[in-house]
1. Could you check the simple spin-label distance between M32 and R60, using points 7 Å along Cα→Cβ, in nm with one decimal?
2. Which translational diffusion coefficient, to the nearest whole µm²/s, is obtained for segment 11-93 from the Stokes-Einstein equation, given a Kirkwood hydrodynamic radius over C-alpha pairs, 37 °C and 0.692 mPa s?
3. What's the FRET efficiency of S44 with L81 using the Cβ-Cβ distance as r and R₀ = 41 Å, to the nearest 0.05?
4. So who's got an amide H within less than 5 Å of the one on M49, skipping anything under 5 residues away but keeping other chains? H placed 1.01 Å off N, in plane.
5. How about K52: which aspartates and glutamates have a C-alpha closer than 18 Å to its C-alpha, ignoring those fewer than 8 places off in the same chain?
Amino acid sequence: MNPLIGSRASTAKPSSVICSDYNVFSSMCHAMDEPILITRNGESDLVVMSHKTYNGMIVRMKLMAELMEADRDLKMQRLLLGLVKESKIVNTKHR
């Protein structure tokens, strides 16, 4: 399972399932807690998920973006510290 967005819409259902009994379909979306692939004429058409699942996905995506930004900042800080230390070593040798 992808930690960012959950599994890749592993459950496929025909679009007629929505029309025939929306309440059952809605209950299934809530119970599965993952995206559901909707097909039309046998072809992938839509991906549907509960609002709770969607919000969880958004929270994970925002967290991942923040972690990536923090990682970039840390790498830049390490790079800058390395350059400063290297510069001090070079300046010490010229004295």
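Read the figures in this text as sums done on the coordinates, not as results from a lab. Since this is a predicted model, take the numbers as computed values, not measurements. Positions of Cβ are backbone-derived with ideal geometry, glycine not excepted, and every protein chain shown enters the neighbour counts.
1. Modelled inter-label distance: 1.5 nm.
2. Numbers: Rh = 16.7 Å.
Rounded to a whole number, D works out at 197 µm²/s.
3. Details: r = 49 Å, r/R0 = 1.19.
E between S44 and L81, to the nearest 0.05, is 0.25.
4. HN-HN under 5 Å from M49: I36.
5. Partners within reach: D33, E34.
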